[in-house]
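Notes to accompany the following structure.
The values are calculated or read from the model by the stated rules, or taken from the named source; none is laboratory data. Note that the structure is a prediction, hence the values are computed from the model and not measured. Note that each Cβ is placed from the backbone with ideal geometry, even for glycine, and that neighbours are counted across all protein chains shown. SASA here: full protein model, heavy atoms, side chains in, ligands and nucleic acids out. Shrake-Rupley method; radii C 1.70, N 1.55, O 1.52, S 1.80 Å.
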Amino acid sequence: MTENYEVVVVGGGAAGLSAALVLGRARRHTLVVDAGEPRNAPAAHMQGYLSRDGMSPADFLAAGREEIARYGVELVRDRVADVAEGFTVDLASGRTVRARRLVIATGLKDELPAVPGLAERFGRDVLHCPYCHGWEVRDQAFGVLATTPMSVHQALIVSQWSKDVSFFLHTVAEQELSDDDLRRLAAAGVRVVPGEVSGLVTRDDRLTGVRLTDGTTHDREVLFVAPRAVPQTDLLRRLGAELRETPFGAYPVVDETGLTSVPGVWSAGNATGFAEQVVNAAAGGYRAGATINGELLMTDLDAAVAAVRV
């Protein structure tokens, strides 16, 4: 039997829960489908969210799930296997639901370079975002692992938190860097280290160095790396949403409320962009939820007016 909801939210991270909270408080019959794979799961804490600075991501999501439950929002731990025109949603468990509106908040996955030991330390002393973790590791010996010439930007940014920064070119050739890149790195005091990285050096479960393929080791306490972003946009593609190509993957074209090119389908959070922090994702979900409630209200009122005229 197909169950009917006013809104189905796909994704139970900050964006999805925030949209669901607004919709639940607006008395909308809402379902959240959560696969339970938040992007920030490897991190012990999140930063920069006013009043929640330093909170565990797991605790943050648990609090959000409790809050939406107060307003009658249903949350299921499941995956969306397929979605069809008319917003019929098939779940991996075999359940089928139908929605009047959809919020796609499926986020993205981080793919790390294939350097031994990198993935195991990600979120601890292998980091990607100085705004998320820079204060906690300030003034330590930083390394930055280049993945593309664009990694220069990351090396320059992290120099705000430490004056001891080594930029490991890894698979990037030095001639791929522009003269401006080299001048800025020098001005920031960032050392450029040619050569491919073969692995990490640890002691007592702490990063102590970076090893190159030539056998040399550079003492470092923290390593920044920019993962390859893999947007989870499969459902949006199936629905025919217009996507835009960026250096960090293809993301849906949305308006200021998160509405995609498909009428009735909104997107929020990291599903819409690589750089959405938790606080941005929550704000995007809020905007989407409030907009959907207003749009449903006006649609129903217009239908009622039209029925009276007939």
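Here are a few things to note about the model shown:
- Index of the failed condition, Arg287 passing every other in (1) part of a helix (DSSP H, G or I); (2) without any contact (Cβ under 8 Å) to a residue 40 or more places away in the chain; (3) over 16 Å from Ser18 (Cβ atoms): (3)
- The listed residues are Arg220, Arg228, Arg237, and the only one of them that is touching a residue at least 24 places away in the same chain (Cβ under 8 Å) and within 30 Å of Val83 (Cβ to Cβ) turns out to be Arg228.
- Extreme residue, farthest from Thr2 (Cα to Cα), among residues of the range 16-54 that are assigned to a loop (DSSP other than H, G, I, E, B) and hydroxyl-bearing (Ser, Thr, Tyr): Ser51
- Which numbered condition Arg98 misses (of (1) free of Cβ contacts under 8 Å to residues at least 40 places away in the same chain; (2) assigned to a strand (DSSP E or B)): (1)
- Odd one out for Met298, checked against (1) open to solvent by 50 Å² or more (accessible area, probe 1.4 Å); (2) closer than 23 Å to His153 by Cα: (2)
- Filter result (surrounded by fewer than 19 Cβ atoms within 10 Å (Cβ to Cβ) and at pLDDT 95 or above) within the range 263-285: Pro263, Gly264, Val279, Ala283
- Here the range 101-143 is the region considered, the condition is being in a strand (DSSP E or B) and over 20 Å from Ala15 (Cα atoms), and the residue that is most open to solvent (accessible area, probe 1.4 Å) is Glu111.
- Looking only at the range 224-261, and only at residues there that are hydrophobic (A, V, I, L, M, F, W, C) and part of a helix (DSSP H, G or I), the one that is least open to solvent (accessible area, probe 1.4 Å): Leu236
- From Val22, Val73, residue being without any contact (Cβ under 8 Å) to a residue 60 or more places away in the chain, buried (at least 17 other Cβ atoms within 10 Å of the Cβ) and not charged (D, E, K, R): Val73
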